[in-house]
1. Please give the number of the condition B:G293 fails out of (1) crowded, with 23+ Cβ neighbours inside 10 Å; (2) closer than 20 Å to B:A109 by Cα.
2. Could you run through region B:356-394 and say how many residues are surrounded by fewer than 22 Cβ atoms within 10 Å (Cβ to Cβ), in a helix (DSSP H, G or I), within 14 Å of another protein chain (Cβ to nearest Cβ) and of a type outside the set (D, E, K, R)?
3. Could you list, in sequence order, the residues of region B:419-432 that are of a type outside the set (D, E) and either modelled with pLDDT of 90 or more or farther than 15 Å from B:V42 by Cα (or both)?
4. Exactly one of (1) in the same structural domain as A:S130 (by TED's automatic domain parsing); (2) at positive phi is unmet by A:G34. Its number?
5. Could you list all residues from region B:83-105 that are in a helix (DSSP H, G or I) and more than 19 Å from the chain's Cα centre (by Cα)?
6. Taking A:K9 as meeting all but one of (1) of a type in the set (D, E, K, R); (2) part of a helix (DSSP H, G or I); (3) over 17 Å from A:A58 (Cβ atoms), write down the number of the exception.
7. Among the candidates B:L9, B:L20, which residue alone is at pLDDT below 90 and in a helix (DSSP H, G or I)?
Amino acid sequence: MPIKIMNAKQFLSGLIFFAIGLAIVVEGRTYDLGTATQMGPGYFPMLLGGLLLILGAAAMVTGARSSVAVSIGRWPLVPLLFVSGAVLAFALLINAAGLLAAVFALIALSCYGRLRHHPIEALVIFVTLSGLTYGIFVYVLQLPIELIS
Amino acid sequence: MDLLHNLGLGLSVAFTAANLLYCLAGAAVGTLVGVLPGIGPVATIAMLLPLTFKMDPIGALIMLSGIYYGAHHAGSTTAIMLDMPGEPTSVVICLDGHPMARAGRAGAALCIAAFGSFFAGSVGVILLATLSPILAQASQSFGPAEYTSMIVMALITAAVLSNDSLVTTIAMSVFGLFLGVVGTDVSTGTMRFTFGFWALGDGISFVAVAVGLFAIAEIIMNIGFPEKRPPLTAKVKGLLPTRADLAASWKPILRGTALGSAFGILPGTGPLLSSFASYALERRLAKDPSRFGKGAIEGVAGPESANNAAAITHFIPMLTLGIPAGAAMALMLGALQIQGISPGPMVMTKHPDLFWGVIVSMWVGNMMLLVLNLPMVGLWIRLLMIPYKLLYPAILVFCCFGVYSVSNSSFDVLLACLFGVIGVVFKKLDCSPAPLILALVLEPMLEENFRRAMLLSGGEPLVFVTRPISLGILLLTVALAFFFFHRRPGPAPIV
């Protein structure tokens, strides 16, 4: 007999917390627990992991048996992909290829999402922001970032 | 008198040209951010934090605090004019502020809101100046057990005083604590949960987490679920409040200030809940409650004052005890720590210029906000017309550079990206990120004090209830939990 989960949000968040707690406890066993007086590195994390297991389980139970039905709704997948991709590209390019390449990738990817920019608009944004960030971060704050490396 | 001497010191610090400029910059940016939807003070503080590391700590704190309380002042402007709260704390102001604007009384509403805010802010500063030395003095007798209990109280109160499910909020705090564990264990020198990434040796950068959870996640959500912006419907034609308005408003302003001051000190979403509490209180006390929702000025005066008093008293725990009461405070605490200053009871004696300079400049900032919010209303409203698609690339670029600049590390930017994704997941599941960042910043302090308390007590966990101050703190926590759990004065919980 299928169990109906009423509050899907609560249930899923509980599941996530439970999983994190499990991962912590499993990994934490490799650290020395020590005693209460002389706490080893593993003492506190294990405590936290255990708490998360309990809280996660509690959230799953209250979520499943909630009196009000709540569904999660849709996820913003396209913006998620493009914006995180944009930040990822920036991280990979800033040292390897320099400021211009990193900002270009950031703008190109993030301005593709739902709010589609006119290419000229995106270009203007790119030029303005490149200049601005160069001025603030490289010139004023003297960060070791090159325009093109 | 000691207080006068300290205020004199504060005046001399706050009124230097540089610090006045920082104060103005903070207040202006705060107003901008408070008016623009889609970006809030926490995300802005996270974004600008890296820039402040190269600044003098006093100027940095003055500017960041200006952003915080400036945003709280300004959220009501759009609430009144456009029925659109610039900040979550201004949601209640829409209820009566916008009907007033529609009836042509926007000027009166804005005026009362601005003066109520200024009064509340001033009272908040006075409280900050007078309560802090007392609190700091009291905490001299705090030992590790007391600090542990205080931090636990902060985390639990923050969970109780929010509108989300208690279980998930506490879970977020615990997860935040775990994130704070990642890195090198100070006491034993072992690397914990770093999985071979030596870049994690110093721990997870709280700036990366904050930017990811608050700024990047927000951008993704705003692009995915765009809000319709209503057209400008109200005109502000310089209408000053009438005598009747003033007569009706002064008591709500006083009550709101009292309520807000109390709520702000408590860890959690004090400012948010205080405005709701004030609205509910005013409606209950009004002779004719049916006026509410149709343009009752009490519904603007009370909540706005509560909101702004709370914004100032929110600083008290962080400045006096080193325990941040909210996400923004946690970020400022982190910023001070990176600058080599450990906020806490010692700060008043070791860095009196910082402490009193910031307090006085808060009052200066409140004055600047009077000018920024009233005569310049038209400018801010016009700025709202900037389409979000032009705003978010700039925010994103500044976030990336900001995070990178903390330690010239692209690894940190990767972390920010990861937490941006995590942030979206949590937002969709109604898990509030504020307790997480609070816990992340507090973890070192909590673990160290917990360790020490257990060491000193010989492994006896009951030490937290046998020591009187610690017991008192824990009892207070339980009392607050019971009092607030079933009477959360906020909007109906998102069940």
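1. (1) is the only condition that B:G293 fails.
2. Qualifying residue count for the region: 4.
3. Looking only at region B:419-432, we keep the residues that are of a type outside the set (D, E), and these are B:419-429, B:431-432.
Once the filter is applied, which keeps residues that are of a type outside the set (D, E) and either modelled with pLDDT of 90 or more or farther than 15 Å from B:V42 by Cα (or both), region B:419-432 yields B:F419, B:G420, B:V421, B:I422, B:G423, B:V424, B:V425, B:F426, B:K427, B:K428, B:L429, B:C431.
4. Status for A:G34: all satisfied but (1).
5. Pass one, region B:83-105, residues in a helix (DSSP H, G or I): B:88-102.
Those that are in a helix (DSSP H, G or I) and more than 19 Å from the chain's Cα centre (by Cα): B:C94, B:L95, B:D96, B:G97, B:H98, B:P99, B:M100, B:A101, B:R102.
6. (3)
7. Just one listed residue meets the conditions, B:L9.
Okay, residues lined up against (1) within 30 Å of B:M81 (Cα to Cα); (2) within 20 Å of the chain's Cα centre (by Cα):
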residue	(1), (2)
B:M332	no, yes
B:A335	no, yes
B:I338	no, yes
B:P343	no, yes
B:M348	no, no
B:L354	no, yes
B:I359	no, yes
B:P375	yes, no
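The values are calculated or read from the model by the stated rules, or taken from the named source; none is laboratory data. Note that this is a predicted model, so its numbers are computed, not measured. Methodologically, a virtual Cβ is constructed for each residue, glycine included, from the backbone with ideal geometry; neighbour enumeration extends over all protein chains shown.
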